[in-house]
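The structure under discussion appears below in the form of structure tokens.
Please treat every number below as a calculation from the coordinates, not as lab data. Computed from a predicted model, the values in this text were never measured in an experiment. Cβ sites come from the backbone with ideal geometry, for glycine too, and all protein chains shown count toward neighbours.
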């Protein structure tokens with residue numbers, strides 16, 4: 001279920017130099033962090049790719065990736081073999097290695113599970129927009145978040161429809177989050193991390209260190225609630241040329 005959940009940091013471990021990828025066409029090499037995005041391949045259009053609880057068919061299925069899913073993030077893969085270890089192996093040892101499985105996360109963060117690596121390929125189209133386009137996109141994202149917070153504050157004062165109203169949610173959030181809002185799954189204010197609020201000193205700004213990384217745009221919302229400093233980290237991605245919010249993070253939890 002989308003909505004509120006505990007935040008968990010995703011940390012990918014890097015091998016000493018390289019790791020091998022067992023692709024359908026054979027063994028290839030890539031840098032340890034791999035491509036920015038992946039896509040599902042070799043799955044029939046009337047079928048889906050099972051996402052499992054662990055790396056193997058003996059683990060339960062916990063979800064499905066679409067046959068044409070794009071923009072997947074690779075968290076880690078097993079087995080993990082460094083270049084040095086690979087070259088020290090005999091041909092028989094290499095042949096006897098188990099099939100490679102990867103822990104993948106969907107572009108909207110709604111699904112994470114293990115899949116066989118042979119059904120994955122680098123997603124060239126889902127790469128970060130060209131530098132000439134990035135400036136416009138991040139500025140649009142910043143304006144969207146500013147409008148989100150300003151409109152919500154006006155709504156709290158009365159006489160204005162909040163962006164968290166189902167009639168307006170689609171203008172700000174991705175479809176899964178807008179649907180979550182429409183189902184009434186909000187348990188607290190996802191913008192201000194509170195049920196009761198007295199907001200002052202609201203400031204919206206792009207993340208200074210990394211406003212856009214791997215297709216995700218980060219906008220920070222700093223404010224005081226009852227005099228206490230708070231920050232919400234808003235993550236966005238571009239859909240059909242327009243930025244939309246996929247997650248709002250607070251200390252200890254997130255919406256999305």
*For residue 222 and residue 46, what does the FRET efficiency come to when R0 = 51 Å and r is the distance between their Cβ atoms, rounded to the nearest 0.05?*
0.60
*Rough spin-label spacing in nm, given labels placed 7 Å along Cα→Cβ, for residue 66 and residue 195*: 3.7 nm
*What is the Å³ per residue value for the convex hull set by the Cα atoms of region 131-255?*
111 Å³
*Round to a whole angstrom and tell me the spacing of the C-alpha centers of region 101-116 and region 158-182.*
27 Å
*What ranking do 156, 112 get, fewest neighbouring Cβ atoms within 10 angstrom at the top?*
156, 112
*For an R0 of 45 angstrom, estimate the FRET efficiency from the Cβ-Cβ distance between residue 91 and residue 186 and round to the nearest 0.05.*
0.20
*Give me the percent of Cα-Cα pairs in region 150-195 that sit more than 18 Å apart, rounded to a whole number.*
23 percent
